[in-house]
1. Regarding residue B:186, is this residue over 26 Å from residue B:13 (Cβ atoms) and not polar (S, T, N, Q)?
2. Answer with yes or no whether residue A:135 is in a loop (DSSP other than H, G, I, E, B), surrounded by fewer than 19 Cβ atoms within 10 Å (Cβ to Cβ) and of a type in the set (Lys, Arg).
3. For the stretch A:355-385, give me each residue that is surrounded by fewer than 19 Cβ atoms within 10 Å (Cβ to Cβ) and more than 17 Å from residue A:336 (Cβ to Cβ).
4. If only one of A:35, A:42, A:53 is in contact (Cβ under 8 Å) with a residue 60 or more places away in the chain, facing another protein chain (nearest Cβ under 10 Å) and hydrophobic (A, V, I, L, M, F, W, C), which one is it?
5. Taking the stretch A:211-239, which residues are within 14 Å of chain B (Cβ to nearest Cβ) and under 22 Å from the mean Cα position of the chain (by Cα)?
6. With the checklist (1) under 29 Å from residue A:208 (Cβ atoms); (2) among the charged types (D, E, K, R); (3) under 20 Å from the mean Cα position of the chain (by Cα) in hand, flag the one item residue B:242 doesn't pass.
7. Does the stretch B:363-370 contain any residue that is outside the structural domain of residue B:177 (by TED's automatic domain parsing), in contact with a Pro (Cβ under 8 Å, 6 or more places away or on another chain) and of a type in the set (A, V, I, L, M)?
8. If I ask for residues that are in contact (Cβ under 8 Å) with a residue 60 or more places away in the chain, assigned to a helix (DSSP H, G or I) and of a type outside the set (D, E, K, R), which ones from the stretch B:347-379 would you list?
Number of protein chains: 2
Amino acid sequence: MTFQQAPHKLLVIPGPIEFDSSILLANATPGTSHVSPAFIPVFGDCLRLLKKVLYGEKPGNQSFLIAGSGTLGWDATAANLVEPGEDVLVLNHGYFGDSFADCLETYGAKVTQLKAPIGGVVSEADLVAALKSKKFKLVTITHVDTSTGVLSPAGRYAELIKQNSPDTLIALDAVCSVASEEIRFDDWGIDVVISATQKGLGVPPGLSVVLASERAIKTLEARKAPVGSYYISWKRWLPIMRAYEEGRPAYFATPPVQLVYALQAGLKAIVEGPQSLEDRFAAHKAASNKIKDGLAQLGVGFVPLGREISANGMTAAKYPEGVTAADVLPKLAELDIVVAGGLHKDIATTYFRIGHMGVTAVKTERGDLDKVLAGVKTVLDAARAKK
Amino acid sequence: MTFQQAPHKLLVIPGPIEFDSSILLANATPGTSHVSPAFIPVFGDCLRLLKKVLYGEKPGNQSFLIAGSGTLGWDATAANLVEPGEDVLVLNHGYFGDSFADCLETYGAKVTQLKAPIGGVVSEADLVAALKSKKFKLVTITHVDTSTGVLSPAGRYAELIKQNSPDTLIALDAVCSVASEEIRFDDWGIDVVISATQKGLGVPPGLSVVLASERAIKTLEARKAPVGSYYISWKRWLPIMRAYEEGRPAYFATPPVQLVYALQAGLKAIVEGPQSLEDRFAAHKAASNKIKDGLAQLGVGFVPLGREISANGMTAAKYPEGVTAADVLPKLAELDIVVAGGLHKDIATTYFRIGHMGVTAVKTERGDLDKVLAGVKTVLDAARAKK
């Protein structure tokens, strides 16, 4: 079927992002039973293809795709892997670190936080010192904090955790990094990757996307306290996910069938498309450099304190001196360009955020990046001319 | 835009159901920000229109639309309204009663169950006796148990609860009854209706749909123990839902934007369509009678022990003597008709389930019901001829 999505403003916030028409068409799949022979292999495909995107195909790894937002993956991690009273270390790089800590405490974890300065990352020395001070059941790392655009050195953190506290589980909040930043699940020894569909995967929001290691599953199976949630209990979902992966019907709660079709289309485009995964990550880096270099030429600064700790799928850009959110956000919208305002509470009014993930970064023939840079130039020129 | 959904098998399970092409097209809405001026009123519409479908427009009532399956509404009820150690009475009419009880216990409730015989309903006398035996914080009622097709007299139960234990909260699991059975939220004095999109509402799965009374919200606000979930905490969602309803942006977790567009289309079709709500319920009753009378003529019996306690949106039909699931389910699929097998563990192999909700019931010009009856006749004739 030919399907052309409706004309609309260019969506360049750090998720949801622009979707390919083929993905939207998959999201309009006719009514289909969640346990039908038609649907089961589609779900199975998604569970398998996710592992490829994350370089996490080691036997025993388990994907979970559950109706919900990315946030639900925090609940999954906290409720399934941590027992009440256990210590968890949160490497906090902004808004989403604060929230993950709240979530962990809701399920009874004792949380210690290492808070990076705004725009910076937790230092290796602080991490090692914390690991030596106490035995942690789990360390959580925000890979890209969507509030600041900071990219943390997740692989290096994982290496330090392996060296200094090998029994500690590692959870990576990769909501804003899956498919836009390289994640080496098996090589790094990550135990849980938490993500969602509407960012680098390029699929409408509504699915919690998680990959768990065999060690995480064994931790679940060995726990003494009951899992503190019903809906997100992996004890209930594990047989379901295994069944879908093996091609058998199973039921716990109805999956979002249309969205699973859309995710299959999205994952296939990433894994089986003309580009390799490595090319995809390189394309995101190129897009990021183009946006950041272009903004710098317009006199715009950045929230992250260095290019090497800046996300490749988004940019957190500071308003130049004398320019305010009102000069930029609504004016860009008038040009049919939708960017996001600031989110980190301490600096929210001082910066804005541009997403450049998925088709916007990879399909350069769309011209999205040029349109964004031209739009920003127009609104900044207008703001400066006012004075 | 003209959009014609792809040819597909007729989906007549008790949810997901057949979707109108206009709803699927809405589910293919281009990438749109969850906090944009375009989207906020759409979300607000859904929150308001849901109240109309449930005759629940009393000020103080609060809709919640959260990415997840219908099951998540159980967690919402259990985690937000019940504190650990409080007594809950579950009126159990099958598989979904068992599961709701499990969910309540996960969050620390002390559950008492009144289990109806298979195909029957809890007696009024048993309910009254239970209410007099103990003070319950909450009574849960499964309106239509999708496993048995039993329709419980929810309005009458609510009346008895009001008379005998007026302080007790009432939660109605209406996943398989919203928009196919009349629910008088305000008149009956229900405190929580729990539903999902993929049944009577005729929208793809992936949204937990809940309406809570002012009394439920006050119960939440007065609770002493912290809410036992992060993702489904109404304390986090209440300001978000109020903001969307008032036309302001707010963020806790990303809503499933495309599905909210689809829900808006679905709710508008129900509330603002050519038919009144009353006509819609009458259409479901007529469809149900047509299917049930037609099946009876084919020598098929039913799981529910009487027409007056049979759902109008689905039928749980027993295989006639000598006919098995293998004679019916795959053979109907060959005729491009998808029905569901049995789900209640004690009788799963003895019956099948047909859904007749939404367009299948209301848009009689589609001819879905005739197709189903003709298909069942064909496969039963073939099964009987084999002997």
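The values are calculated or read from the model by the stated rules, or taken from the named source; none is laboratory data. Because the structure is a prediction, the values reported are computed rather than measured. In this analysis, Cβ positions are derived from the backbone assuming ideal geometry, glycine residues included, and neighbour counts consider all displayed protein chains.
1. Details: over 26 Å from residue B:13 (Cβ atoms): yes; not polar (S, T, N, Q): yes.
Spelling it out, residue B:186 is indeed over 26 Å from residue B:13 (Cβ atoms) and not polar (S, T, N, Q).
2. On the way: in a loop (DSSP other than H, G, I, E, B): yes; surrounded by fewer than 19 Cβ atoms within 10 Å (Cβ to Cβ): yes; of a type in the set (Lys, Arg): yes.
When the stated conditions are applied, residue A:135 passes them.
3. Selection gives A:363, A:364, A:365, A:381, A:383, A:384, A:385.
4. Values: A:42 fails: facing another protein chain (nearest Cβ under 10 Å); A:53 fails: facing another protein chain (nearest Cβ under 10 Å).
Criteria check complete, one pass: A:35.
5. A:231, A:232, A:233, A:234, A:237
6. (3)
7. Within the stretch B:363-370, the first condition is being outside the structural domain of residue B:177 (by TED's automatic domain parsing), and the residues that meet it are B:363-370.
Narrowing further to those that are in contact with a Pro (Cβ under 8 Å, 6 or more places away or on another chain): none.
No; the residues of the stretch B:363-370 include none that is outside the structural domain of residue B:177 (by TED's automatic domain parsing), in contact with a Pro (Cβ under 8 Å, 6 or more places away or on another chain) and of a type in the set (A, V, I, L, M).
8. Result: B:359, B:360, B:361, B:362, B:364, B:369, B:372, B:373, B:376.
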